[in-house]
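The values are calculated or read from the model by the stated rules, or taken from the named source; none is laboratory data. Bear in mind the structure is a predicted one, so any value in this text is a computation, not a measurement. Glycine also receives a Cβ, built like all others from the backbone with ideal geometry; neighbour counts cover every protein chain displayed. Note: accessible area is taken over every heavy atom of the protein model, side chains too, but ligands, DNA and RNA are not part of it. Shrake-Rupley method; radii C 1.70, N 1.55, O 1.52, S 1.80 Å.
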Amino acid sequence: MRKFFEIGGVFAAAVLIAFGIGAIVLSVNGQSTVNDSLKQEQIVGSPDMTPTTITGEVAAAKTAQSKVMSDLQSAGAKITPSPIVTPTCSVAGQTVDNGTEARCFAQYMRIHTYGATSGLTYSQMGRYIAKPNTPVQYTDGLGATSDPKYALTDPKTQQPVNNGRRDIWVTYTALTTALNTSYMASKLALFSLVVGIALLLSGIGFLILAIGGALESPKTALSFLKERPASGGVAAKA
């Protein structure tokens, strides 16, 4: 039976080592794929992509957002402002070639998008260009509406005119989803590396125990729990 356990230990060690090496290889390949794909896009951070230089744009976006929200709330509209948060990372002048930088670039893109939409998100903006003199409560505060009866009609197609500014968020979402996916992929690759190292070390440990004859010793690591202290006295002879 002991021989069986020794062979089983060697087999388990071999499996763990193989899985560990496989996980490490996949991790390295995955990280390399993410970095190479980002490099191909030639993404370079603009000069304002630092926490200090972006403050002016953040302040301007917050001011515009506050004005729009005030106008809408004064008209009776129920709308809550989306928080505009200053990024804490920096990619100004840097080529984005890893997941962390990709996520940072996406955060600054959100600030730029807020600046172009006066602090409104995609869901807060109207689908169509509103007719002149449309009541404020039926607009997004920027001259657009989601109510077709207040929408400006194209004389050629007789269809409501789409709000082109809203498309900015569509572009932003598409680009940042790809960037954030790169970040997630790089973190998964890192996790795979940690798991691979853990499996590799576990396999080596199993191998050492199996080959080193650990199963031959009658004592285990917890044998001391079974030991009893010797009697302190000597039995008296009759």
Mind listing whichever residues of segment 56-78 are farther than 13 Å from Leu142 by Cβ and of a type in the set (Lys, Arg)? Lys62, Lys78
Hey, can you tell me all the residues within segment 128-152 that are without any contact (Cβ under 8 Å) to a residue 12 or more places away in the chain and of a type in the set (S, T, N, Q)? Asn133
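Would you be able to tell me the number of residues in segment 81-95 that are over 19 Å from Lys67 (Cβ atoms) and either hydrophobic (A, V, I, L, M, F, W, C) or assigned to a helix (DSSP H, G or I) (or both)? Steps first, answer last, please.
Going through segment 81-95, the residues over 19 Å from Lys67 (Cβ atoms) turn out to be 85-95.
Applying the additional criterion that residues be either hydrophobic (A, V, I, L, M, F, W, C) or assigned to a helix (DSSP H, G or I) (or both) yields 85, 89, 91-92.
So the count comes out to 4.
Being part of a helix (DSSP H, G or I) and either open to solvent by 90 Å² or more (accessible area, probe 1.4 Å) or closer than 18 Å to Ala198 by Cβ (or both) is the filter here; which residues of segment 30-57 pass it?
As a first pass, look at segment 30-57 and keep what is part of a helix (DSSP H, G or I): 30-40, 55-57.
The answer is Gly30, Gln31, Lys39, Gln40.
Every residue, every condition in (1) over 21 Å from the mean Cα position of the chain (by Cα); (2) of a type in the set (Gly, Ala, Ser); (3) buried (at least 17 other Cβ atoms within 10 Å of the Cβ); (4) part of a helix (DSSP H, G or I), yes or no:
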| site | (1), (2), (3), (4) |
| --- | --- |
| Asp71 | yes, no, no, yes |
| Asp97 | no, no, yes, no |
| Thr100 | no, no, no, yes |
| Ala106 | no, yes, yes, yes |
| Ile111 | no, no, yes, yes |
| Leu120 | yes, no, yes, no |
| Gln158 | yes, no, no, no |
| Arg165 | yes, no, yes, yes |
Scanning segment 122-132 residue by residue, those surrounded by fewer than 18 Cβ atoms within 10 Å (Cβ to Cβ) and within 30 Å of the chain's Cα centre (by Cα) turn out to be Tyr122, Ser123, Arg127
Among (1) farther than 27 Å from Glu57 by Cα; (2) within 24 Å of the chain's Cα centre (by Cα), there is one condition Ala174 misses while meeting the rest; what is its number? (1)
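Consider Lys78 carefully, then state whether it is more than 30 Å from Asp97 (Cα to Cα), open to solvent by 30 Å² or more (accessible area, probe 1.4 Å) and either assigned to a helix (DSSP H, G or I) or modelled with pLDDT of 95 or more (or both).
Against the criterion (more than 30 Å from Asp97 (Cα to Cα), open to solvent by 30 Å² or more (accessible area, probe 1.4 Å) and either assigned to a helix (DSSP H, G or I) or modelled with pLDDT of 95 or more (or both)), Lys78 does not qualify.
Matching residues to (1) over 20 Å from Ala174 (Cα atoms); (2) open to solvent by less than 30 Å² (accessible area, probe 1.4 Å):
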{"site": "Thr88", "(1), (2)": "yes, no"}
{"site": "Thr117", "(1), (2)": "no, yes"}
{"site": "Thr134", "(1), (2)": "yes, yes"}
{"site": "Asp140", "(1), (2)": "yes, yes"}
Name the single residue, out of those in segment 142-156 being in contact with a Lys or Arg (Cβ under 7 Å, 6 or more places away or on another chain) and among the hydroxyl-bearing types (Ser, Thr, Tyr), that is least open to solvent (accessible area, probe 1.4 Å). Tyr150
